[in-house]
Amino acid sequence: YAEILKRLDDSSDDVRVAACAALVPFFRAGPAAAYRGTVLDYTLDCLLVHLDDPEPRVQDAVQAAARAAIPLNPARVAQRTRASRGQHRSPDRCDALAAEAEAQAAKE
């Protein structure tokens, strides 16, 4: 997964979008326990930096990838997203992602 995350920093929007698309099945491939701790935290941190990308389609792809992580640990996704909120020009996407994760966490 580290190689996929490196592609988030690529100069090509197409490569960054493809990296995000690859993360969606990655999050669905194993049991939630396989993504606990560093794997989830590091991946979310990398994604959340790019949630504020100037290119809207990259933002959409990042948001879709981060949303795919919610079932793994919704409380953690909400916490990491809220923590990154202040680093974004616009917090709207962070707020939406955190709200979705918090709603899922409340159901558990």
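The values are calculated or read from the model by the stated rules, or taken from the named source; none is laboratory data. Bear in mind that the values here come from a model prediction, so they are computed numbers and not experimental data. Counting neighbours? That spans all protein chains shown, and the Cβs are built from the backbone with ideal geometry, glycine included. Note: areas computed on protein heavy atoms with side chains; ligands, DNA, RNA excluded. Shrake-Rupley method; radii C 1.70, N 1.55, O 1.52, S 1.80 Å.
Annotations
- ASP14 versus HIS88: modelled label distance in nm, points set 7 Å from Cα along the beta carbon direction: 2.8
- J(HN,Hα) series, segment 26-40, from Karplus relation 6.51 cos²θ - 1.76 cosθ + 1.60, nearest Hz, glycine and proline x: 4, 5, 8, 6, x, x, 4, 4, 6, 10, 5, x, 4, 4, 5
- Overall form of the chain per C-alpha gyration tensor (a/c, 1.5; a/b vs b/c): oblate
- Projected-area mean, segment 23-66, by convex hull of Cα positions, square nanometres: 2.8
- Counting only heavy atoms of the protein chains and using a 1.4 Å probe, ASP41 has close to 30 Å² of accessible surface.
- Mean separation of Cα pairs under 8 Å and 6 or more residues apart, divided by the residue count, gives the chain a relative contact order of 25 percent.
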